[in-house]
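Please find one structure pasted underneath; my questions will follow.
The values are calculated or read from the model by the stated rules, or taken from the named source; none is laboratory data. These numbers were taken from a predicted model, which means no experiment stands behind them. Neighbour counts run over all protein chains shown; Cβ positions are idealised from the backbone, glycine included. Protein only, heavy atoms only, side chains kept; ligands, DNA and RNA dropped before computing areas. Shrake-Rupley method; radii C 1.70, N 1.55, O 1.52, S 1.80 Å.
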Amino acid sequence: MTTSQPGPADKPADGGDRLPQTLLLLGATGDLAERLLLPGLGRLVATGVQPNLMLLGSGMDDWDNERWRRRVSDAFGTADATGHRVQEMIRDTCYMKANVTREEDLRRLLANCHEQLVIFFALPPAITARAAEALTHIGLPPGTRLMLEKPFGTDADSARSLNDVLARLVPEEQIYRIDHFLGKSTVMNILGLRFANRIFEPMLSSAHVACVDIVFDETLGLAGRAGYYDGAGALMDMVQSHLLQVLSLITMDAPPTLAARDLRGRKAQVLRATRVWKNDPVTWSRRARYAAGQVSGRRLLGYADESGVDPTRGTETFAEVVLSVDTWRWAGVPFRLRTGKALAARRKEAVVTFKQPPRVPTGLIGYDQPDRLRIGFGPDRLGLDVNINGPGHPLELDQAHLVADFGPGELPPYGEVLRGALDGDPTLSVRGDTAVDCWRIVAPVLECWRAGAVPLQEYPAGCQGPDGSLLTPVPAESAES
């Protein structure tokens, strides 16, 4: 087996001369590649900062080069990716049918890759594990980098096992467990807000914060993803990966630098301290799935009636769990993580609700809403809800909503994570021990759900979600229309 050499783990790209690279995309004919990965790649190539990049697609489908190039061209078109470099990539890209769990097929793929190699596993977790195991019998060229899409494994044991297999292929700094939810602009917006503004950071602790909500509500239903989603569900698809990563950014202490080693170390610290609230997943978790209804005028079937769904699995499309972060800063503050499909409004935000003041002076009236700090993701937006003396009666308080937009990122999220791997910068990737810890956090919830200890509720598509909440909900008017 060929030993891979570490890449420049903490050295961001400077836009200088680059070695030729090959991006080998496994699972190239799948939904992920079409909707997200290829458009992100197109935007990245259009910027001109990734010259000398060859794209090789591979899948189980019996495609030829012409059909593959149409797929790439159409996907690039959805991202408005244009220019001569884009056209060169479309012209030169090739497709090879392969079963990536077979050594002989993998050898054939690797023989068609040149220079520095980046392999993207756009595959289900079980297939990724089998492909990685097969690669250990072949070996990889020096400097090869591996990109793995979530979910990373299906539980803590499988994630730990996959880590062990990958460690036999390349060093940890060459493994990119990606989370596109943490596209660089989102990460930097949170870090800049917290650590470059003295007005906010001292307030973000249990002394001043009553609770924190991290919410990802979608209007989309299953959207043809039964093959993946029905075996995962909302908790594994969103909470275990994306929302826990956002929680870590909101709760971590300031890193000395933004180098991958420092940033990922701080995230790992708080995730190690995270657990289900009061160690009681039955009381502090909820699950539900959508029934038939209407969303924005579109009629949706109930989830159980969607094509490809096995209704006996009891897969949830809505998940809510309350967690604690048992650090000096955050002990005693509940963190509510919530996600759902086919809901009335699209809402992606973290909301920090502050404690009420010890006492409002007698004579001031109208105070009934706490102050809130809102961090929006898509669009990236900062909001602050504060109580001020409004128009009319001079002693009556009204809540004012102050809003500022963050600067948009140069690239879409998948473009950012691709650039990180191509540049050898793992800042946006999830470290191996952290991937295991995320499974450890949700394991008690999954266990009690599978045992039927938490009932599977239903909600009609197009509503706000199942009735009630594990914590006092954020008012509905905060949701994006």
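I'd like to know if the range 96-108 contains one or more residues that are open to solvent by 10 Å² or more (accessible area, probe 1.4 Å) and at pLDDT below 95.
No, the range 96-108 contains no residue that is open to solvent by 10 Å² or more (accessible area, probe 1.4 Å) and at pLDDT below 95.
Moving to a separate point now. Considering only the range 187-216, state which residues are open to solvent by 10 Å² or more (accessible area, probe 1.4 Å) and under 16 Å from the mean Cα position of the chain (by Cα).
MET188, ASN189, PHE216
Quick test of your reading of the structure: SER307 fulfils all but one of (1) part of a loop (DSSP other than H, G, I, E, B); (2) over 16 Å from PRO466 (Cβ atoms); (3) modelled with pLDDT of 95 or more. Name the failing condition by number.
Here SER307 meets the rest and fails (3).
If you check LEU411 against the conditions, is it surrounded by 21 or more Cβ atoms within 10 Å (Cβ to Cβ), assigned to a loop (DSSP other than H, G, I, E, B) and touching a residue at least 12 places away in the same chain (Cβ under 8 Å)? First the steps, then the outcome.
Numbers: surrounded by 21 or more Cβ atoms within 10 Å (Cβ to Cβ): yes; assigned to a loop (DSSP other than H, G, I, E, B): yes; touching a residue at least 12 places away in the same chain (Cβ under 8 Å): yes.
Spelling it out, LEU411 is indeed surrounded by 21 or more Cβ atoms within 10 Å (Cβ to Cβ), assigned to a loop (DSSP other than H, G, I, E, B) and touching a residue at least 12 places away in the same chain (Cβ under 8 Å).
Can you find, within the range 137-186, the residue that is surrounded by the fewest Cβ atoms within 10 Å (Cβ to Cβ) among those that are polar (S, T, N, Q) and either within 25 Å of ILE441 (Cβ to Cβ) or free of Cβ contacts under 8 Å to residues at least 24 places away in the same chain (or both)?
Result: SER161.
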